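Step one of this worksheet: look at the structure below.
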Amino acid sequence: MRQQYALRSQVLAGVMAFVALAIIVQMTRIQNSVEADVFRQQSENYAYELKTFYPNRGEIYDRNGRLLAGQTTVYEIGVDLRNVRDAHAIAFAISRELEMNYDEILGVLNDPPEGIAYMVIADFVEAQKALNLQSLKKALQDQAPSGSYGGLTGLQFNAHPQRSYPENTLASNIIGFVNREGKGYFGVEENYDNLLAGNSMQVLIPADPNKAFEIPKVPDGTTLILTINRDLQAAAEKLLDESLGEYGAREGVIVIMDPRNGELLAVATSRRMDLNKFWNYNTIYDNATDFNPPISKTYEPGSVLKVLTMAAALDSGTVTPNTTYLDTGSILIGGVTIQNWDRNPWGVQNMLGCLQHSLNVCMVSITSQMGANTFYGYMDSFGFGHLSNVDLAGESAGRLKVPGDSDWYPVDLGTNSFGQGVAVTPIQMLAAVSAVANDGRMVTPHVLYAMVRDGRQYNVPPQYAGSPISEATARTLNEMLAISLEAEASEALVPGYRIAGKTGTAEIPVNGFYSSFETNASFIGWGPADEPQFMIYVWLEKPTTSPWGSETAAPVFSEMAQKTVILLNIPPDNIRQQLRALK
Amino acid sequence: MIHAYRIAPWRIQRQWIGNALLAVVVLAMVAALYLNITSQTAVAGREIQELNNTIILSQQASSDLHTELASLTSATAMETRALALGFRPIEPNEVEYLVVPGYVKPQPVNLSSESLPQLSMLTIPPEYNQSLLDWLDERIVTSRGFQ
């Protein structure tokens, strides 16, 4: 009996051993079969998910830490089609909250495109609207009988950041904007797009829950601090708007720069855009140059360029401040007669009178003495015809015709000397004239003050664009311009502050001829004259109350300068000199 | 001793059964341990996910509040509020300058922070994300590489 049990046990053990062996053999066979490689490959494909982590776009601040461009949360609202319980409820809720078409939403929910499980209904939805929908979804879920689903089941919300501009239209021409694909356009947003956007990071995330993984800390895009002073920018924009109305000008520009280092403190333009509604771009601007005219719109500057002609004449030794000439009211150059702005003779004048009365004949006379090579050599050194390298997108180089160009004629030497026949941008004028205010050193205008990355701030050092004139020439001309303003009792003067500067009135070419009625009125000035801390350029396009820069742009300059000294804490000359004496 | 086993062969069977039961118990303990570790890992993973979501939500909320604060203190908003409170822009002739010893003019903002720089490299050592089989596999591959 026992032997019988033993036999049975051995047979059973043998069978079980055989089965176990068969299982092992089968496992080994499956593991090494041709199909196994395919399945192994498939499992590897699902073992990891390649996920891209995008950094937050860097913020933009003004020089005093005021936020100009940041982020705000918006929502993508979609539907998980597998979990929809009540398409009518979803369509109704979305159409009410997001003001969308009920029938269209319902149609899409009932008949979704083939092969999709999730469908985006709306993106970039304001947080409040998304939260309203979320609350409604929760309320319906709470009201639903136990174990059943709420009417908005399947509705999903994905939060993501969107660029936001808390100052709306302020400094829109400087900042530029970011579209919904995250690409920067115009201004700082375009020029520093790579820095602001940062670098995305791709990471393989294991599907196996036993495998730990670290979510990468993707560094945010670089935060930028601009040289712009928000309050000064607001004051400049407000004054410009008022001035356009007061003088009947079509467009205008006010640029304020620190001539010591090229920091742009304010760049005001008459056309501005709410950057949070960048899709209105086409309704506000006719073409790309309208977005930021101070750097991209060229024009004939007129008499403000006489500052540079005189700088060249003084520096080359062609004249001294006391050099005199007889002004007969007209002069012939290249077969064309050039006249003064008032078409009158001014008799014997020295160079101070030449600047004070803004005499075209004088300028033509001294450039004739200087010679074309010397004159254009200086103009080239002042940067005309070249980019100023301002760190804003869309800069134009302007045009300076020189001897040898097919369209240059000898008369151009004369007209160029008083700012006609040459195309420049306001930023080029500021850069060039900064040499006069800054002891002969020309600055590179810029808006970037510092970059902040990984918690550290890197300040950007000022850059200089050479010294086209000597320190002595700059100081002499600075003094001449200050005296000429005082002697003229210019409307540009600022009570309590000694200012240097020059008006400009340029006729605008209409159908190939200069119009005496349509002008570009401008003024460039800086102060305090003995220690320049600001330089202001005003350009009014086609003022209608008066064509003259001295009667339109000059008073705007004065008013802007008065606001500037308050906002920049620059005390009047007498107090400043007392303070300097105390040190 | 041998004699005792001869007259009572069930002792051998009991020994086999005992060994088998021991193996089962050991396996059950390993399985229980594995299950426990796996469940703990899953819970920890879920908690990490939730914490990460909380961090992201906090960052979004912080960013939103930062932008909202900037909107509330924008140039236009501040001017409107100031005018509503009865203030008006100062005229140049109303400004009085006082000499204050030691006064330093405000300097542009400095946004440097004291916090550590953000990490951009993955720093988890393999011990934390390798299974025993992965580790064995790596050892085998490494030993083959040395041969």
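The values are calculated or read from the model by the stated rules, or taken from the named source; none is laboratory data. Predicted, not measured: the structure shown is a model, and the values here were computed from it. Ideal geometry is used to build each Cβ from the backbone, glycine not excepted, and the neighbour counts take in all protein chains shown.
So for the range A:324-339 (the condition being surrounded by 22 or more Cβ atoms within 10 Å (Cβ to Cβ) and over 16 Å from A:Thr309 (Cα atoms)), does at least one residue qualify? Yes, the conditions are met somewhere in the range A:324-339.
Let's see how each residue does on (1) closer than 27 Å to B:Ile56 by Cα; (2) within 14 Å of chain B (Cβ to nearest Cβ); (3) more than 39 Å from the chain's Cα centre (by Cα); (4) at pLDDT 90 or above:
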residue	(1), (2), (3), (4)
A:Gln10	no, yes, yes, no
A:Leu21	no, no, yes, yes
A:Glu44	no, yes, yes, no
A:Tyr48	yes, yes, yes, no
A:Asn64	no, yes, no, yes
A:Gly115	no, no, yes, no
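Which of the residues spanning the range A:271-295 are surrounded by fewer than 21 Cβ atoms within 10 Å (Cβ to Cβ) and polar (S, T, N, Q)? A:Asn276, A:Asn280, A:Asn282, A:Thr283, A:Asn287, A:Thr289 - these are the residues of the range A:271-295 that are surrounded by fewer than 21 Cβ atoms within 10 Å (Cβ to Cβ) and polar (S, T, N, Q).
If you take the residues in the range A:412-440 that are within 15 Å of A:Gly501 (Cα to Cα) and β-branched (Val, Ile, Thr), which one is surrounded by the fewest Cβ atoms within 10 Å (Cβ to Cβ)? Applying the filter and picking the extreme gives A:Val433. Report whether or not B:Arg81 is of a type in the set (Lys, Arg) and under 30 Å from A:Ala207 (Cβ atoms). When the stated conditions are applied, B:Arg81 does not pass them. The residue list A:Ile570, A:Ile575 contains one member that is within 14 Å of chain B (Cβ to nearest Cβ), buried (at least 16 other Cβ atoms within 10 Å of the Cβ) and not in a strand (DSSP E or B), which is A:Ile570. The numbered conditions (1) among the hydrophobic types (A, V, I, L, M, F, W, C); (2) out of contact with any His (no Cβ under 8 Å at 6 or more places or on another chain); (3) at pLDDT 90 or above are all true for A:Val74 except (2).
Only one entry of B:Ala82, B:Ala70, B:Ala32 meets the criterion of being surrounded by 12 or more Cβ atoms within 10 Å (Cβ to Cβ), assigned to a helix (DSSP H, G or I), without any contact (Cβ under 8 Å) to a residue 60 or more places away in the chain and more than 9 Å from chain A (Cβ to nearest Cβ), and that entry is B:Ala82.
Within the range A:66-83, the set of residues being under 15 Å from the mean Cα position of the chain (by Cα) and buried (at least 24 other Cβ atoms within 10 Å of the Cβ) comprises A:Leu68, A:Ala69, A:Gly70. Looking at this structure, is A:Ser515 more than 14 Å from chain B (Cβ to nearest Cβ) and either surrounded by 21 or more Cβ atoms within 10 Å (Cβ to Cβ) or under 26 Å from A:Arg271 (Cα atoms) (or both)? For A:Ser515, the condition - more than 14 Å from chain B (Cβ to nearest Cβ) and either surrounded by 21 or more Cβ atoms within 10 Å (Cβ to Cβ) or under 26 Å from A:Arg271 (Cα atoms) (or both) - is met. A:Ser546 fulfils the conditions (1) under 27 Å from A:Ser515 (Cα atoms); (2) surrounded by 17 or more Cβ atoms within 10 Å (Cβ to Cβ) except for a single criterion, (2). Looking at A:Val38, A:Val108, just one residue is among the aliphatic types (A, V, I, L, M), under 26 Å from A:Leu131 (Cβ atoms) and not in a loop (DSSP other than H, G, I, E, B), and that residue is A:Val108. Selection of helices (runs of 4 or more DSSP H) fully inside the range A:406-488 by the criterion of at least 3 residues being modelled with pLDDT of 95 or more and of a type in the set (A, V, I, L, M) returns A:426-437, A:471-488. The single residue among A:Leu131, A:Leu170 that is surrounded by fewer than 18 Cβ atoms within 10 Å (Cβ to Cβ), modelled with pLDDT of 90 or more, within 29 Å of A:Arg57 (Cβ to Cβ) and within 12 Å of chain B (Cβ to nearest Cβ) turns out to be A:Leu131. Yes or no: the range A:71-91 includes at least one residue that is away from chain B (no Cβ under 14 Å), in a strand (DSSP E or B) and in contact with an Asp or Glu (Cβ under 7 Å, 6 or more places away or on another chain). Looking for residues that are away from chain B (no Cβ under 14 Å), in a strand (DSSP E or B) and in contact with an Asp or Glu (Cβ under 7 Å, 6 or more places away or on another chain), one finds none in the range A:71-91, hence no. The condition of being in the same structural domain as A:Arg441 (by TED's automatic domain parsing), surrounded by fewer than 21 Cβ atoms within 10 Å (Cβ to Cβ) and within 16 Å of A:Val307 (Cα to Cα) holds for only one of A:Ile524, A:Ile499, A:Ile483, that being A:Ile483. Going residue by residue through the range A:414-422, is there one that turns out to be within 18 Å of A:Pro294 (Cβ to Cβ) and touching a residue at least 12 places away in the same chain (Cβ under 8 Å)? So far as the range A:414-422 goes, yes, one or more of its residues are within 18 Å of A:Pro294 (Cβ to Cβ) and touching a residue at least 12 places away in the same chain (Cβ under 8 Å). Residue check: is A:Tyr102 within 14 Å of chain B (Cβ to nearest Cβ) and at negative phi? No; evaluated as a whole, the condition is false for this residue. When restricted to residues that are in a loop (DSSP other than H, G, I, E, B) and at the interface with another protein chain (Cβ under 7 Å from one of its Cβ atoms), the range B:85-109 contains 7. Condition check for B:Ser115 on (1) within 30 Å of A:Leu67 (Cα to Cα); (2) surrounded by fewer than 11 Cβ atoms within 10 Å (Cβ to Cβ); (3) within 10 Å of another protein chain (Cβ to nearest Cβ); (4) at pLDDT 80 or above: one failure, at (4).
Listed here are the residues, each with its yes/no results for (1) more than 14 Å from chain B (Cβ to nearest Cβ); (2) within 20 Å of A:Ile174 (Cβ to Cβ); (3) in contact (Cβ under 8 Å) with a residue 60 or more places away in the chain.
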{"site": "A:Leu196", "(1), (2), (3)": "yes, yes, yes"}
{"site": "A:Val203", "(1), (2), (3)": "no, no, yes"}
{"site": "A:Pro206", "(1), (2), (3)": "no, no, yes"}
{"site": "A:Thr223", "(1), (2), (3)": "no, yes, yes"}
{"site": "A:Ala234", "(1), (2), (3)": "no, yes, yes"}
{"site": "A:Glu237", "(1), (2), (3)": "no, yes, yes"}
{"site": "A:Val255", "(1), (2), (3)": "yes, yes, yes"}
{"site": "A:Asn261", "(1), (2), (3)": "no, yes, yes"}
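Among the residues of the range A:440-463, those identified as more than 13 Å from chain B (Cβ to nearest Cβ) and touching a helix residue (DSSP H, G or I) at 6+ places or on another chain (Cβ under 9 Å) are A:Gly440, A:Arg441, A:Met442, A:Val443, A:Thr444, A:Pro445.
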